1. Please work out how much length the chain gains when fully extended from LYS139 to THR34, using 0.36 nm per residue of separation minus the C-alpha to C-alpha distance, in nm with one decimal.
2. Assign unit charges at the C-beta atoms only (+1 for Lys and Arg, -1 for Asp and Glu), then state the dipole size of the range 317-373 relative to its Cα centre in Debye, rounded to the nearest 20.
3. State, as an integer percentage, the relative contact order of the range 7-184 based on alpha-carbon contacts under 8 Å between residues 6 or more apart.
4. If R₀ is 25 angstrom, what is the calculated FRET efficiency for the pair GLU326 and GLU382, using the beta carbon separation as r and rounding to 0.05?
5. Output the Kirkwood hydrodynamic radius of the range 7-184, Cα pairs only, in Å rounded to one decimal.
6. Could you rank the peptides 11-22, 40-51 by their average count of other C-beta atoms within 10 Å per residue, with the highest value first?
7. Evaluate the distance, in nm, between pseudo-label points positioned 7 Å from the Cα of GLU27 and of THR299 along their respective Cα→Cβ axes.
8. Taking 0.36 nm per intervening residue step and subtracting the Cα-Cα distance, what contour gain separates LYS180 from GLU161 on full extension?
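FYI, it's all coordinate maths here, none of it is from the lab. The structure displayed is predicted, hence computed values, not measured ones. Glycine also receives a Cβ, built like all others from the backbone with ideal geometry; neighbour counts cover every protein chain displayed.
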Amino acid sequence: MSRVDRCIVLVDAGYLLGAAASLLAGEPSRSRITVDHAALIQGLRERAESDTQQPLLRIYWFDGAPDRVPQPEHRRLRVMPRVTVRLGALTRSDGRWAQKGVDAAMHAELTELARNRACSDVVLVTGDGDLLPGMMAAKEHGVAVHLWAVQAADGDYNQSEDLVAEADERRVLDRTWITKAVRAKELTGVCAPPPVPRPEIAAILSAPLPDSALGARAERPAEEGEHAQAAAASENGAQERVPAPKGVPTPKDLAALRAPGVQPTQPPASATLRWSSDKGWVDRPGVATESADAASMPTLAQLTTAEQRWADREEDITTVGGDPYEVGQVFARRWMERLGEQSHLQKLSGMYPRIPHRIDGELLRYAARFGLLAHKDDQIDEHDRYAIRAGFWREIDVRTAAEHAPAGE
């Protein structure tokens, strides 16, 4: 079998994006950077074809994922032309995430491609010395091996010296090249404020709870995990006290919270709250049911046709990045665009900050598609929930502010 004159790129995403984060943000956490995957893939292709002087056959993207379940970026990547995604496991140990099986998968792919003479040149974007045997095997089959490094933040090597010594060609992806597709996130403590006056979230969260709500919190089952840390402190001998409200309010919390200066009303003893979840509706005692206006709000599913549902899924895969704030905005935008009766929008705006239960549950289930509500020890990340709902309200406010702006503005 003759060798085919074309190039293949094998990318260790953990190395590429971790090194890029170190370079641009000062630490290897991928959460500190934003990646334009389409631009990154295009940049890899153009650079590979230029360096090897061969047309590209395919880019293999190797990454880890919890339980090997594709994350939003993986779903976007695997529908791009000439891109194949291979996932290893992502496990957490001693507070740090670690990839399992990625190096082995890269080694197997590299040796198989070389053995079958599928290409004349292989580009490796990795720094792990475990790939050295695969590199040597590829060379023995007549394949030219190009090793690419990401510019190190401290100017030193961030690759195995054995890999560097064994490679046929070596290139460095410098800061200028990296920043065409990757940028550091700006660290902000809070989400952007809405464009119209609203009660501050902080004031709402700091408002005292009615006695009935405090009692309901004390009776909340331990497995819900909303205040597991406070419960653990009590069990360890800490002084018992009712935990102050903190973090992100659930719909149940918001039903009980009051704005400063407003006297709370006591709900009837038989009142229940219909709580939405992936398991369906669950009745929780102790909080008054929502208003008729809130209960009459149509859900996004009710407003969406089969054709729109398909288009939504396509947009989720190809363009929605999965940032919690962005997810809330996307959901709100679709809901508003499909409303036939615009009076619902004004009613909803007046309910701030409480989202009607059915819509809130649907919003969180939508966010779960992007891995934002992954349960760890039965706990939901409160920061993500805050950002999801903040994005939802920001989009609502932008729309209502635009509708009420003077005609000349």
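1. Numbers: separation 105, 0.36 × 105 = 37.80 nm, distance 3.53 nm.
Taking 0.36 nm per residue and subtracting the Cα distance, the gain is 34.3 nm.
2. Numbers: 8 positive and 6 negative charges, 29 e Å.
I would put it at about 140 debye.
3. Working: 331 pairs, mean separation 48.2, N = 178.
Computed value for the range 7-184: 27 percent relative contact order.
4. Values: r = 18 Å, r/R0 = 0.72.
With R0 = 25 Å, the Cβ-Cβ based efficiency is 0.90.
5. Values: mean 1/r = 0.0615 Å⁻¹.
Averaging 1/r across every pair of different Cα atoms and inverting gives 16.3 Å.
6. Working: 11-22: 23.3, 40-51: 17.6.
The packing order, highest mean first, is 11-22, 40-51.
7. The modelled label-to-label distance comes out at 3.8 nm.
8. Numbers: separation 19, 0.36 × 19 = 6.84 nm, distance 2.75 nm.
That works out to 4.1 nm of additional length.
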